[in-house]
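The values are calculated or read from the model by the stated rules, or taken from the named source; none is laboratory data. Remember, it's a predicted structure, so these values are computed and weren't measured experimentally. Cβ: placed from backbone, ideal geometry, glycine included. Neighbour counts: every protein chain shown.
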């Protein structure tokens with residue numbers, strides 16, 4: 001019996017000792033792995049082997065080494081990698097080039113197996129000859145438009161002696177990538193002349209696609225004979241591809257002309273009728289022009305064609321002229337009616353006004369009587385053709401007029417003072433609507449309607465359509481729509497508005513816009529702030545832009561050395577200066593292929609806080625010193 005229990009005890013102890021249990025406690029490993037030794041050693045010379053070995057202080061794991069490992073100078077170096085616990089072995093298929101300094105940058109390929117801590121400073125450099133190149137370049141890449149770091153950008157050095165050495169055609173001799181803060185460093189470089197480009201490489205082909213990938217460049221050839229100061233490169237998006245016509249053909253009942261990039265302007269000419277406007281719609285980021293068949297009402301389907309000349313220009317002012325042969329085919333497809341796609345902001349200041357509307361297709365006709373300035377439903381002004389401008393493609397309409405706050409308030413006061421009399425008259429008309437009015441009634445009603453004031457300087461009568469008339473003796477339909485009973489309006493709620501009546505805009509396809517109304521209110525200075533400053537020592541033309549703290553443009557001032565932004569809503573803002581060297585009142589990008597730099601942009605190095613009824617002063621840029629000066633003060 002004792003032997004039996006002894007055997008069970010031994011079995012239990014043996015089982016307990018063999019059971020694997022999770023360790024308890026212990027500190028988390030947050031230390032980066034350390035490279036104990038390597039062959040070749042970092043910064044060594046005369047390496048002639050085809051096998052590279054790295055030995056670490058702990059077990060490692062390797063991830064995407066074919067993507068992460070950057071070998072410079074860039075060559076088509078083929079290799080196989082093997083990881084054995086603490087050791088990484090790279091087997092080269094062919095010997096390296098003689099008398100050359102190589103840099104192996106492993107970036108994020110190697111990390112420890114426990115916590116995934118990255119190997120810090122994952123670079124080794126060595127030479128296959130007697131001499132180790134020692135030059136270096138470092139700097140930062142910053143997005144020009146929002147000052148954010150350009151993370152994970154390729155930064156490349158290209159041989160200046162090669163014609164195709166640029167970010168669009170060739171590939172860099174040396175390259176690296178920017179870190180999370182936009183910084184980069186290339187070292188162990190060979191002396192020589194180089195071009196430096198930086199770009200986002202979305203498809204990892206070391207070629208910049210200007211249509212979708214932002215880029216930056218140094219505007220001068222770098223003559224590396226010694227290490228140079230840190231570089232600061234700005235990056236931005238700009239499609240600089242050559243503007244090309246891709247195709248043209250009938251689509252549905254219309255005719256489509258397609259380009260390889262967006263258009264900023266276009267002009268379509270019929271040589272047989274050169275003065276006649278050809279109506280077209282730019283769609284899908286303006287890469288397509290849709291030419292309407294209504295331009296050519298006598299053109300027969302399928303059989304007839306018309307020669308058209310199309311002159312186009314892109315956003316970087318590249319232009320081209322093409323000849324196309326326009327023809328159409330019969331189709332049941334119809335286009336949507338014209339729509340008002342953008343209405344103006346209803347916040348206005350007393351004085352000169354510019355209201356901008358946008359439409360979904362070109363405007364064929366404007367019905368001026370349908371565009372009115374109103375107080376509630378009472379027209380006080382209609383617009384004349386002289387007050388309305390339309391842009392080149394007839395899709396943007398600008399109304400220019402003067403609206404004086406004191407005058408509007410006077411009109412509203414007049415309406416309030418006559419409100420009781422008008423309402424009593426309307427009630428009287430309502431009660432007597434089934435009987436014929438007397439001559440005396442007609443005269444009284446005429447006096448009442450004449451008492452409603454109009455804006456001074458109005459050169460047209462109020463619209464005469466029935467749905468917009470004031471109730472009077474000649475319009476019983478309008479009178480019958482007046483509500484019965486106690487209907488006195490709240491005279492404190494009169495609303496100034498810009499009214500676009502039904503069919504204010506008529507499209508080329510005889511389609512009409514729907515009515516719309518934009519309520520207008522005068523800004524009160526006490527609800528807003530003011531920002532003042534000065535521009536000193538800048539010799540070229542310039543543009544001052546007020547930005548939100550998210551870099552959205554809120555206001556613009558051109559060439560004012562002592563500038564002032566009025567009616568600034570409370571919030572956080574930035575200010576920047578665009579050096580407008582070609583005086584076209586917009587920022588122009590550079591050209592990386594001929595190293596023409598973009599126009600300079602300078603930022604005030606602070607976020608400005610604006611409060612209601614406050615002035616923020618002395619937001620100055622002084623170009624007489626090395627850096628802009630900010631003497632900030634708030635009153």
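Among the residues that make up the stretch 504-527, is at least one of them in contact with a helix residue (DSSP H, G or I) (Cβ under 7 Å, 6 or more places away or on another chain), at pLDDT 95 or above, within 30 Å of residue 393 (Cα to Cα) and outside the structural domain of residue 607 (by TED's automatic domain parsing)?
Yes, there is a match, as at least one residue in the stretch 504-527 is in contact with a helix residue (DSSP H, G or I) (Cβ under 7 Å, 6 or more places away or on another chain), at pLDDT 95 or above, within 30 Å of residue 393 (Cα to Cα) and outside the structural domain of residue 607 (by TED's automatic domain parsing).
Only residues that are farther than 25 Å from residue 552 by Cβ and either surrounded by fewer than 16 Cβ atoms within 10 Å (Cβ to Cβ) or at pLDDT 95 or above (or both): list them for the stretch 584-596, please.
Of everything in the stretch 584-596, those that are farther than 25 Å from residue 552 by Cβ and either surrounded by fewer than 16 Cβ atoms within 10 Å (Cβ to Cβ) or at pLDDT 95 or above (or both) turn out to be 591, 593, 594, 595, 596.
Has the stretch 268-275 got any residue that is touching a residue at least 24 places away in the same chain (Cβ under 8 Å), assigned to a strand (DSSP E or B) and on the phi > 0 side of the Ramachandran plot?
No, the stretch 268-275 contains no residue that is touching a residue at least 24 places away in the same chain (Cβ under 8 Å), assigned to a strand (DSSP E or B) and on the phi > 0 side of the Ramachandran plot.
When you go through (1) in contact with a strand residue (DSSP E or B) (Cβ under 6 Å, 6 or more places away or on another chain); (2) loosely packed, with under 14 Cβ neighbours inside 10 Å one by one for residue 550, which number turns out not to apply?
(1)
Tell me which residues, restricted to the stretch 51-74, are touching a strand residue (DSSP E or B) at 6+ places or on another chain (Cβ under 9 Å), surrounded by fewer than 15 Cβ atoms within 10 Å (Cβ to Cβ) and in a loop (DSSP other than H, G, I, E, B).
Hits for the stretch 51-74 are 57, 59, 63.
Considering 380, 338, 333, which residue is in contact (Cβ under 8 Å) with a residue 60 or more places away in the chain, part of a loop (DSSP other than H, G, I, E, B) and buried (at least 17 other Cβ atoms within 10 Å of the Cβ)?
338
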